[in-house]
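Here is the structure we will look at.
The values are calculated or read from the model by the stated rules, or taken from the named source; none is laboratory data. Everything numeric in this text was worked out from a predicted model, so none of it was measured. Backbone-built Cβ (ideal geometry, glycine too); neighbour counts: all protein chains shown.
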């Protein structure tokens, strides 16, 4: 009898050992991120509580129509679910009736599912004493981040970076005025004229007007300055957005002057074919449209001329003393994942391209079933990144209302429960309006549903 | 014989049970950070690799004269140690001979040891899909961070926040021009005149001149505008820095006009007595000087007037679309720790005050042993935060060279191997220069050593 008890005790004890052993060494231990981390399997100390909190909050599912964050609004001790548009309730399960589809902003949440799938690699852990100084590895700029951005351009083949300087900005947004400042002549008798070709991204104008520096002046659309004798091209600063926001078309400088700012925010294989690496003197890129992290406020400029570069650096120093080093750390980790997964199953550009191609195709099918609306024409084009012909997958649909009585196209859509961005904001006709295709899947699904309803109302002009 | 083997096996197994059990539940598991996290003790999954990497890199000691960061420059697969000034070598163990003491910048690394001691509470873990959207809980601003900043002001008693709006900036730096913009009249016939009282923080001037907006103009030092008939005070924007940078004195507006920007970056118990909560219409605060995180580029303004507030919000939107949400997450966690530890053993203000009081006392002893130099006079003052008289603990020493032949005080110090910031940069006489006391302990120790050597050279004027 004592022998049996003994045996039961031994078996229980051995079982527990097997259990602990497997828990400790086998379950939930991803491979260490760097080869030199033999201690990656050791027990954690000061990071453990924050890591557990992050996992616990991330585990709140919010019905697939929202997400909870550690810095969310706390109610009864819990961060609350932050729901997608048109969803509500504590777990985002309730669809709000008669809710308008919001296709206004260029919020790049179409990439959120990508990062959910790559959670382990893209996570960062930041201690309280991490890099507190103004100075990082190279002044205000992280050497490793610069190195990885250059590697990304080389791997994607969308820009020639070898002979360019890099400056970081709090979004490409901050660099817009920094470049206008840097390209304005120092001692000119009259201010530089800043222009863009309509339809253009409205921030060029609103930012130039808000800062209203004595060295430059917003002068409207480029076409008015072609063959103009009143202004020499040496005193012109031209914005060229390629692919263009709103219509996704690839553009070149119209004036061919010395000072051209090429905004290549959308020149990534998500959105556009990459026929060849861009190689202009001043090029802007946006972290928001590369990895989808609009929140991080990160962008960069590639600049060929040293004097222009130095003026931008000076601007960045005086405006904000560089870009948040916390953000630089995060963007570095994201780019590491993008590079590691590139051309494999986890290729972010493949993911982004497939998502947007699918959305564009669906929207096109709906719109083409009627003659009331039309979309911009984008042809399939050879892409050096995918090494094949690719279908269009633009970030935005540039909708034209074809009926004469639909003078205000955004208003027509609004009456059908669709919030768009009117053509007038892009200094184009009100007969156009922009629909964002890069928001969440919920946003797009609702947009498509409303478009189907609108188009099915009838397609023949009443006039 | 079999019974003995059995017993040995059982004992071994039971011992292993105890070992695994203690490993699993007792070692290195800090208490969960939030009471609602019953799963904080569970095994980690997607955060584990990043947490292990952070701990491994943090474990590099760098001889106590440096630190390694996960985003440091990688050499042979390892992030390298980033050494304090005047230290070198792969582990920062080598003191560089004849190295100048750099007391130039206001890099607030005196608080780094504080955060090392509070590593567990202040760590953040950020997933790749964390808060990607432009929109956070309230437009570009984190509701929880705003709530915690207000709580911090109430707890410290250094500012009345109840009736003020809050705007965040990428450092208080960004908010300087945002406030100048917002306070400039919209449709005035002449630009607003921007002034400050010398000695003043040089960025007010350099930023106003760099942006060079048509609505305002830098007009030099305040005293020239007192009783001036050429400019009405309604069109003046006055900067008041209190405590002042460089001399740490508490200041009030000289002109008493409508548009005064109170820069209270140093109005925290680290640096200054808090006689009463500040309650001006426009007040600036800096994360860099509150928690010591200059790198995060975070600051905020408290603004009473709604129209001014709305113009600053508009400026922030157009300049950078708000402040990095990654930074907002980090600052939130830091302020949570500050609030939780306040008035206990881990009080950051007690730590900062003791550190700087000690530095100030030591420097004073050295300087007062000679008649060649003098420092600004700061008297002990009653502090409502510590509820007692407190000794001075300014961020900077404002050094005066007392000998006539020492016309360029910064140059005198430079010859003695001390890098300071010349009085001329603050639009004061070159007979003054500023020494930063808020850098690392290594920086201060070297500064003191060089000052001892300089002062011991003799104190009687040669003229």
Response to the item:
Apart from one, (1) touching a residue at least 12 places away in the same chain (Cβ under 8 Å); (2) part of a helix (DSSP H, G or I) all hold for residue B:267; the odd one out is (2)
Practice prompt. Tell me, please, whether a residue that is under 25 Å from residue A:207 (Cβ atoms) and touching a residue at least 60 places away in the same chain (Cβ under 8 Å) can be found in the stretch A:109-123.
Written response: yes
Worksheet entry | Candidate set from the stretch A:58-67 (those that are crowded, with 20+ Cβ neighbours inside 10 Å and not in a strand (DSSP E or B)); member that is farthest from the other protein chains (Cβ to nearest Cβ) | A:65
Practice prompt. Within the stretch A:252-264, track down each residue that is more than 23 Å from residue A:294 (Cβ to Cβ) and in a loop (DSSP other than H, G, I, E, B).
Written response: A:252, A:253, A:254, A:255, A:256, A:257, A:258
Worksheet item: If you go through the stretch A:302-317 one residue at a time, do you hit one that is assigned to a loop (DSSP other than H, G, I, E, B) and surrounded by 24 or more Cβ atoms within 10 Å (Cβ to Cβ)?
Response: no
Worksheet item: Does residue A:229 satisfy the criteria of being part of a loop (DSSP other than H, G, I, E, B) and modelled with pLDDT under 95?
Response: yes
Discussion item. Please verify whether residue B:312 is under 17 Å from residue B:183 (Cα atoms), in contact (Cβ under 8 Å) with a residue 24 or more places away in the chain and more than 7 Å from chain A (Cβ to nearest Cβ), treating the condition exactly as stated.
Written reply: yes
Worksheet item: Checking residue A:161 against (1) in contact with a helix residue (DSSP H, G or I) (Cβ under 6 Å, 6 or more places away or on another chain); (2) free of Cβ contacts under 8 Å to residues at least 60 places away in the same chain, which test does it fail?
Response: (2)
Practice prompt. Please verify whether the stretch A:161-176 includes one or more residues that are within 13 Å of chain B (Cβ to nearest Cβ) and surrounded by fewer than 20 Cβ atoms within 10 Å (Cβ to Cβ).
Written response: no
Discussion item. Among the listed residues B:416, B:395, identify the single one that is more than 23 Å from residue B:244 (Cα to Cα), touching a residue at least 12 places away in the same chain (Cβ under 8 Å) and away from chain A (no Cβ under 14 Å).
Written reply: B:416
Fill in: Test for residue A:47: is it at the interface with chain B (Cβ under 7 Å from one of its Cβ atoms), modelled with pLDDT under 90 and more than 19 Å from residue B:135 (Cβ to Cβ)
no
Discussion item. I need the full set of residues from the stretch A:140-156 which are touching a residue at least 12 places away in the same chain (Cβ under 8 Å) and closer than 17 Å to residue A:313 by Cα, in order please.
Written reply: A:140, A:141, A:142, A:145, A:146
Worksheet item: Within the stretch A:343-351, is even one residue assigned to a helix (DSSP H, G or I) and more than 16 Å from residue A:268 (Cα to Cα)?
Response: no
Worksheet item: Looking at the stretch B:284-300, is at least one residue over 30 Å from residue A:69 (Cα atoms) and in contact (Cβ under 8 Å) with a residue 40 or more places away in the chain?
Response: no
Worksheet, complete the sentence: The one condition residue A:417 fails out of (1) touching a helix residue (DSSP H, G or I) at 6+ places or on another chain (Cβ under 7 Å); (2) more than 30 Å from residue A:82 (Cβ to Cβ) is (2)
Worksheet item: So residue B:100 fits all but one of (1) at the interface with chain A (Cβ under 7 Å from one of its Cβ atoms); (2) under 27 Å from the mean Cα position of the chain (by Cα); what number is the exception?
Response: (1)
Practice prompt. Might you let me know whether the stretch A:82-95 holds any residue that is without any contact (Cβ under 8 Å) to a residue 24 or more places away in the chain and surrounded by 18 or more Cβ atoms within 10 Å (Cβ to Cβ)?
Written response: yes
Discussion item. Being within 14 Å of chain B (Cβ to nearest Cβ), crowded, with 22+ Cβ neighbours inside 10 Å and more than 23 Å from residue A:134 (Cα to Cα): is that true of residue A:290 here?
Written reply: yes
Discussion item. Going through B:247, B:263 one at a time, which residue ends up being touching a helix residue (DSSP H, G or I) at 6+ places or on another chain (Cβ under 8 Å), buried (at least 20 other Cβ atoms within 10 Å of the Cβ) and away from chain A (no Cβ under 14 Å)?
Written reply: B:263
Worksheet item: Which ones in the stretch A:315-325 are more than 14 Å from residue B:322 (Cα to Cα) and touching a residue at least 60 places away in the same chain (Cβ under 8 Å)?
Response: A:315, A:316, A:317, A:321, A:322, A:325
Fill in: Total residues in the stretch B:232-252, condition at pLDDT below 95 and in contact with a strand residue (DSSP E or B) (Cβ under 9 Å, 6 or more places away or on another chain)
4
